[in-house]
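Here the structure comes first, spelled out in structure tokens, and everything after it is commentary.
The values are calculated or read from the model by the stated rules, or taken from the named source; none is laboratory data. Since this is a predicted model, take the numbers as computed values, not measurements. All Cβ positions, even for glycine, are placed from backbone atoms using ideal geometry, and neighbour counts span all protein chains on display. Quick note on the areas: whole protein, heavy atoms, side chains included, nothing else; ligands and nucleic acids left out. Shrake-Rupley method; radii C 1.70, N 1.55, O 1.52, S 1.80 Å.
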Amino acid sequence: MLLPLPVGDGYDYRVPEGMALEEGSFVEVPLGKRQMLGVVWRLGGDSAVPEARLKDITGVLDVPPMPEALRGFVSWVASYTLAAPGAVLRMAMSVPAALEPPRPVTAYEAAPGFDAEALRPTPARRRVLAFLAGLPPLPAAEIARQAGVSAGVVKGLAEAG
């Protein structure tokens, strides 16, 4: 296991029963009192750490594994620059948000069969409703920008039904 830390070698962890891993998998592991993201650098092999001292991998991220070519490049850069492999890995993992699941996006559309007159139609609301006619769901900011109104007008319409 290679962690994005400026240390010499990787760490040994135990793979819990039933956990599917492959080389390059992004995993979450305990390190001291915190959890860290790391990369499975090599599976198997002999560990110098006694089995009783090994900690379990706590989770596998639902992202594609780091390709072998990139892992090889990280190792080459570390060797060439005499840097710790973990320090080079940190640069390769420098956008941790890329490993997080995407945030949900709220989108709005005109409900079929709505009564526009019951929504107290203002000129701004009429522009929103005219823009939404026949379009798929869109985020409030995009609807507001295209209709030339504030996002509050869109959210107000949504709250009004």
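A few comments on the model shown:
- Per residue solvent-accessible surface (Å²) - the chain, probe of 1.4 Å: 66 Å²
- One entry in [x] 8, 18, 18, 22, 21, 10, 2; [y] 8, 23, 23, 19, 15, 8, 4, 1, 0; [z] 9, 28, 17, 9, 16, 15, 5, 0 is P(r) over Cα pairs in 10 Å bins from 0, in percent calculated from the shown coordinates; its label is [z].
- Since only P64, P104, P121 are under comparison, the one whose Cα sits farthest along the positive direction of the charge dipole of the chain, derived from C-beta charges on Lys, Arg, Asp and Glu, is P121.
- The shape of the stretch 1-65 can be summarised by an equivalent ellipsoid whose semi-axes, obtained from the alpha carbon gyration tensor, come to 16, 14, 12 Å from longest to shortest.
- Placing +1 on the Cβ of every Lys and Arg and -1 on the Cβ of every Asp and Glu, with no other charges, gives the stretch 107-159 a dipole of roughly 200 debye about its Cα centre.
- Counting only protein heavy atoms and a probe of 1.4 Å, the accessible surface of the chain is 56% carbon and sulfur.
- For the stretch 59-129, Kirkwood radius (reciprocal of mean inverse C-alpha pair distance, Å): 17.1 Å
- The three principal axes of the Cα atoms in the stretch 107-159 give end-to-end lengths of 24, 20, 18 Å, sorted in falling order.
- Summed side-chain charge close to S47 - residues other than S47 whose Cβ falls under 10 Å, Lys, Arg +1, Asp, Glu -1: -1
- Each residue of the stretch 14-22 is assigned a 3J(HN,Hα), and the resulting list reads 8, 8, x, 4, x, 8, 8, 10, 9 Hz, derived from the Karplus form 6.51 cos²θ - 1.76 cosθ + 1.60 (θ = phi - 60°), x at Gly and Pro.
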